[in-house]
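Q: Just passing along the structure, written as structure tokens.
Readers should treat all values here as calculations from the given coordinates under stated rules, not as data from a laboratory. Note that the coordinates shown come from a computational prediction; the quantities given were computed from them, not determined experimentally. Don't worry about glycine lacking a Cβ; one is built from the backbone with ideal geometry, like all the others, and counts go over all protein chains shown.
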Amino acid sequence: MSKHRQKSERKLKVSSRDRQAGRGSEALNQAVELRIIGGRFRGRKLLYGGDRRTRPMKDRVREAVFNLIGTDAAGTHAVDLFAGTGALGLEALSRGAQRATFIEQHYPTADILRQNAAVLGLADQIEIVPGNVFIWARRHPNLGAPPWLVFCSPPYEFYISRWTEMREMLEGLVQNSPARSVFVVEADERFDFAQLPNPTEWKIRAYPPAVVGIYRKV
């Protein structure tokens with residue numbers, strides 16, 4: 001086989017791999033849709049950019065969580081830590097929360113969250129904090145009344161690699177929150193919920209691979 005033909009075949013193979021990789025990347029970045037599970041926006045779709053850094057809580061887990069919360073979402077100030085698409089906070093607003101604060105440091109994802117809120121007509125009921133959750137929490141945010149409904153659904157690895165920061169953040173928020181606030185923490189089976197503040201007062205439910213803990217502050 002001639003050297004020229006060998007070079008041509010190598011180029012074709014590389015081009016083919018590049019095209020396949022490009023198609024895979026393009027498919028990954030195509031927006032997919034989530035939906036609101038219940039409340040006044042039940043069935044409404046939410047944009048999700050498909051970024052691997054964002055891991056929305058699965059619909060079945062979100063539905064189970066809000067079944068456990070029940071009517072406690074109504075009248076609260078939802079706080080969606082590691083907000084991603086904002087599906088948890090938006091779900092809370094759909095079910096009667098008064099306001100919602102979203103903390104999301106990935107700017108493109110925060111933009112999608114902003115679009116979702118605008119499409120639902122909720123722009124005047126939300127605040128989007130485009131920054132680091134741990135820095136935000138260290139400033140001891142005082143959201144005041146009404147009771148908070150706090151969602152903590154980070155990358156599961158954070159409960160291992162960044163556990164000190166996670167613990168300090170959750171302890172501070174539990175301490176600063178008003179009475180009747182509700183906390184929802186999603187992890188996986190590697191995490192020991194006994195490490196959380198007031199460990200005996202958390203209700204733990206497993207939805208493999210997710211494990212969810214719910215705490216109500218009296």
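Q: Specify which residue in the list THR85, PHE41, GLN105 is farthest towards the positive end of the charge dipole of the stretch 31-216, using unit charges on the beta carbon of Lys, Arg (+1) and Asp, Glu (-1), about the Cα centre.
A: PHE41
Q: Calculate how large, on average over all directions, the projected area of the Cα convex hull of the stretch 31-216 is; give the answer in nm² to one decimal.
A: Values: hull surface 36.9 nm².
Taking the Cα atoms of the stretch 31-216, their convex hull projects to 9.2 nm² on average.
Q: What whole number of Å gives the distance from the Cα centroid of the stretch 44-116 to the Cα centroid of the stretch 150-218?
A: 17
Q: Describe numerically, in nm with one decimal, the distance between label points set 7 Å from Cα along Cα→Cβ at LYS203 and at GLU165.
A: The answer from the label model is 3.2 nm.
Q: Moving to a separate point now. What dipole magnitude, in Debye to the nearest 20, does the stretch 31-216 give about its Cα centre under +1 on Lys/Arg Cβ and -1 on Asp/Glu Cβ?
A: Charge dipole of the stretch 31-216: 400 debye, to the nearest 20.
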